[in-house]
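One structure is given below, encoded as structure tokens.
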Amino acid sequence: MSVVPLAPPRIQVILASTRPGRFGEKPAAWLMDRLSTRTDLDAELVDLRDHPLPIFDQPAPPAHTLRDYPNEAIARWGRTVDEADGFIVVTPEYNHGYPASLKNAIDHVFPELNRKPITFVGYGNVGGARAIEQLRLVAVELEMAPLRHAIHILPELMMSAMKANTFTPDLFAPLDGRLDVAAADLAWWANALAAARAESAIGP
Ligand SMILES: Cc1cc2nc3c(=O)[nH]c(=O)nc-3n(C[C@H](O)[C@H](O)[C@H](O)COP(=O)(O)O)c2cc1C
């Protein structure tokens, strides 16, 4: 018997940069604006600034300890991502990689991410492509499904969004078409994997 999800999948937009004056807020605002008009998913912004965690210092990896949270900060982060059916990570590129804030947050959880799809919005000199490629590899270790369709914000668009006197999500309108494709694909995978997770939880 197949399980049909009753509600649109819950998609978390993870804002990875936590530094003052971060650019990442702008693409995150564009994403939330555009995703709010879609009926095939429910989007929620998750800002890593709201989940400050120490550099990972636990005696055992979350792949072993699972949801046995050692403190409230980690429990709150774990319970947050547990609620998602899929993720869009908004990431900068720092020294050709993704930021330590994001890796640290990822390392604090494991089963909460398993068997969920993830895609990416990157920005920088090569649209965050190097950071995104690395994240795809890490996502596999988290037993996630990294998707092909990602969004790369290249310097020309990044600069015009940075220089604009007044920010409006429409500054990223040239990427609306790419977002449509990526969001539809993410919703498909989120539905498919939510149904599969529910079936395996029910058992034969
Ligand atoms: C530590 C550091 C390293 C950076 N390395 C890169 C890089 O490798 N490639 C790149 O395209 N931009 C790089 N940049 C520039 C970032 O793209 C730019 O600062 C961007 O605004 C960072 O995102 P954020 O403002 O959301 O934190 C780097 C910035 C910082 C702070």
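The values are calculated or read from the model by the stated rules, or taken from the named source; none is laboratory data. Values in this document were obtained by computation on a predicted structure and should not be read as measured data. Note that each Cβ is placed from the backbone with ideal geometry, even for glycine, and that neighbours are counted across all protein chains shown. Heavy atoms of the whole protein, side chains included, go into the accessibility calculation; ligands, DNA and RNA do not. Shrake-Rupley method; radii C 1.70, N 1.55, O 1.52, S 1.80 Å.
For this structure, a couple of remarks:
- Among residues of the range 14-26 that are within 22 Å of Asp42 (Cβ to Cβ) and near the ligand (Cβ under 6 Å from one of its atoms), those with a Cβ under 8 angstrom from a residue that is in a loop (DSSP other than H, G, I, E, B) and of a type outside the set (D, E, K, R), sequence gap 6+ or separate chain, pair up as Gly24/Ala16; Gly24/Ser17; Gly24/Pro92.
- The sole residue among Leu157, Leu171, Leu147, Leu142 that is in contact with a strand residue (DSSP E or B) (Cβ under 8 Å, 6 or more places away or on another chain) and at pLDDT 95 or above is Leu147.
- Verdict on Ala105 being open to solvent by less than 10 Å² (accessible area, probe 1.4 Å), touching a helix residue (DSSP H, G or I) at 6+ places or on another chain (Cβ under 7 Å) and within 20 Å of Pro61 (Cβ to Cβ): yes
- Taking the criterion of being within 16 Å of the ligand (Cβ to nearest atom), touching a Lys or Arg at 6+ places or on another chain (Cβ under 9 Å) and within 16 Å of Leu137 (Cβ to Cβ), the residues of the range 67-98 that qualify are Glu93, His96, Gly97, Tyr98.
- Within the range 136-146, none of the residues are within 15 Å of the ligand (Cβ to nearest atom) and either out of contact with any helix residue (DSSP H, G or I) (no Cβ under 7 Å at 6 or more places or on another chain) or part of a strand (DSSP E or B) (or both).
- Of all the listed residues (Leu157, Leu113), the sole one being among the hydrophobic types (A, V, I, L, M, F, W, C) and part of a loop (DSSP other than H, G, I, E, B) is Leu113.
- Here Leu45 clears all of (1) within 16 Å of the ligand (Cβ to nearest atom); (2) open to solvent by 60 Å² or more (accessible area, probe 1.4 Å); (3) part of a helix (DSSP H, G or I) except the condition numbered (3).
- Residues of the range 116-135 that turn out to be within 12 Å of the ligand (Cβ to nearest atom) and in a helix (DSSP H, G or I), as a count: 5
- Search result, residues across the range 160-181 that are farther than 16 Å from Asp40 by Cβ, open to solvent by 50 Å² or more (accessible area, probe 1.4 Å) and either more than 16 Å from the ligand (Cβ to nearest atom) or in a helix (DSSP H, G or I) (or both): Ser160, Met162, Lys163, Asn165, Thr166, Thr168, Asp170, Pro174, Arg178
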